[in-house]
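To start, the structure itself, in structure tokens.
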Amino acid sequence: MKTDKNTIDKTEKKSGGKPVSYKKDLIFIGIFLAVGLILAAVVFLGKKAGNSVTVSVSGKEVISFSLDEDLEYMIEGKDGGKNLLIIKDGKAWIEEANCRDGLCINMGKIDSVGQSGICLPNEVVVSIGSDEVTDEGPDVVVY
Amino acid sequence: MKTSKFTKYGLLIALALIMSYIEAQIPVFFAIPGIKLGLTNVVVLFALYAMDFKSAFIINIFRIILVGFMFGNGVSILFSLAGGFLSLLVMVLLKKFTDLKIITVSVAGGIAHNIGQIIVAMLMLQTNSIAWYLLVLWFTGIAAGVLVGIIGGEVVKRVRWEDQN
Ligand SMILES: [Zn+2]
């Protein structure tokens, strides 16, 4: 322990000359953490229950549903990609997908405005909003 | 002299490949597929401090391309490029213009790494509903930066690679 500290002191004094001060570093790290906390505050305080689920494929909005209505919908992603979207009990999630990584399935259930589920291989984004629902037609609902 | 430098490059790139492989085995539950924590930054950080900016830059390019072809795809190369170079840029500027310690530089690099990746994800998916990812990646960036900074700092201190001039 003691020797370790001595070597560190020596090397740092050698290169610096002045005594080592961590003040600026602490300020910087403090700023990073503060920004993170502000970000967290924005996300959590701004968190409000969404009422719509919007599906986008390759950046284009395809369809949106009400979050209040339980349904299953097969999303047609890029290059024959398929993601099964489930809306149940006010939450939405991707139940099944034919993408390589399957990460979209593990993303969990979402229900707050701004939350999203993403499948990058299929270029599918499912996001929660508070927008109006553009389509509720039963013809698109696959049970 | 030249050979020695190339040997170092080869060694560090090989090390970066191994670390990328290890990192690829860590599943990140929240992750947008393809986004990495940036632990491989240890090698870049080391190159930046023990060698120079040019070396760090070259190693960064080679590791991203090689890792991309070995374990990734076009998308993950894009993520790595954006993350890797934003991170390197931030670290170079902080190292050059401030007297911050290596760990602080590394933390800033870690955050920049994740911000770079998230910008690509935003552009690619044309979505801005990424606030949650930004939050998570901000803090994981700090955590990864601390880890990388500690490891990198120790290695720089112990391995004396004086540049042959
Ligand atoms: Zn997927």
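The values are calculated or read from the model by the stated rules, or taken from the named source; none is laboratory data. Keep in mind it's a predicted model, so treat the numbers as computed, not measured. Cβ sites come from the backbone with ideal geometry, for glycine too, and all protein chains shown count toward neighbours.
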Legend entry - Exclusive hit being more than 14 Å from chain A (Cβ to nearest Cβ) and at pLDDT 90 or above, set B:89, B:37: B:89
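State whether the residues of the range A:66-79 include one that is in a loop (DSSP other than H, G, I, E, B) and in contact with a helix residue (DSSP H, G or I) (Cβ under 7 Å, 6 or more places away or on another chain).
Within the range A:66-79, none of the residues are in a loop (DSSP other than H, G, I, E, B) and in contact with a helix residue (DSSP H, G or I) (Cβ under 7 Å, 6 or more places away or on another chain).
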Legend entry - residue B:60 surrounded by 20 or more Cβ atoms within 10 Å (Cβ to Cβ) and farther than 27 Å from residue A:43 by Cα: yes
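Test of understanding: among A:16, A:36, A:30, which residue is within 12 Å of chain B (Cβ to nearest Cβ) and modelled with pLDDT under 90?
A:16
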Legend entry - Residues that are at pLDDT below 85 and among the charged types (D, E, K, R), drawn from the range B:7-23: B:23
Inset, instruction - Give me a count of the residues in the range A:106-128 that are at pLDDT below 85, more than 18 Å from residue B:135 (Cβ to Cβ) and buried (at least 17 other Cβ atoms within 10 Å of the Cβ). - result: 2
Legend entry - Condition met for residue A:8 (modelled with pLDDT under 50, surrounded by 12 or more Cβ atoms within 10 Å (Cβ to Cβ) and assigned to a helix (DSSP H, G or I)): yes
Legend entry - Residue selected from the range B:74-112 under the condition without any contact (Cβ under 8 Å) to a residue 12 or more places away in the chain, surrounded by fewer than 17 Cβ atoms within 10 Å (Cβ to Cβ) and not charged (D, E, K, R), by the criterion nearest to residue B:144 (Cα to Cα): B:93
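For (1) away from the ligand (no atom under 11 Å from the Cβ); (2) over 16 Å from the mean Cα position of the chain (by Cα); (3) within 13 Å of another protein chain (Cβ to nearest Cβ), each residue gets a yes or a no:
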position	(1), (2), (3)
A:56	yes, no, yes
A:67	yes, yes, no
A:77	no, yes, yes
A:82	no, yes, no
A:85	yes, yes, no
A:99	no, yes, yes
A:107	no, no, yes
A:111	yes, no, yes
A:114	yes, no, yes
Inset, instruction - Test residue A:95 against the stated conditions and say whether it is assigned to a strand (DSSP E or B), closer than 26 Å to residue B:25 by Cα and more than 11 Å from the ligand (Cβ to nearest atom). - result: yes
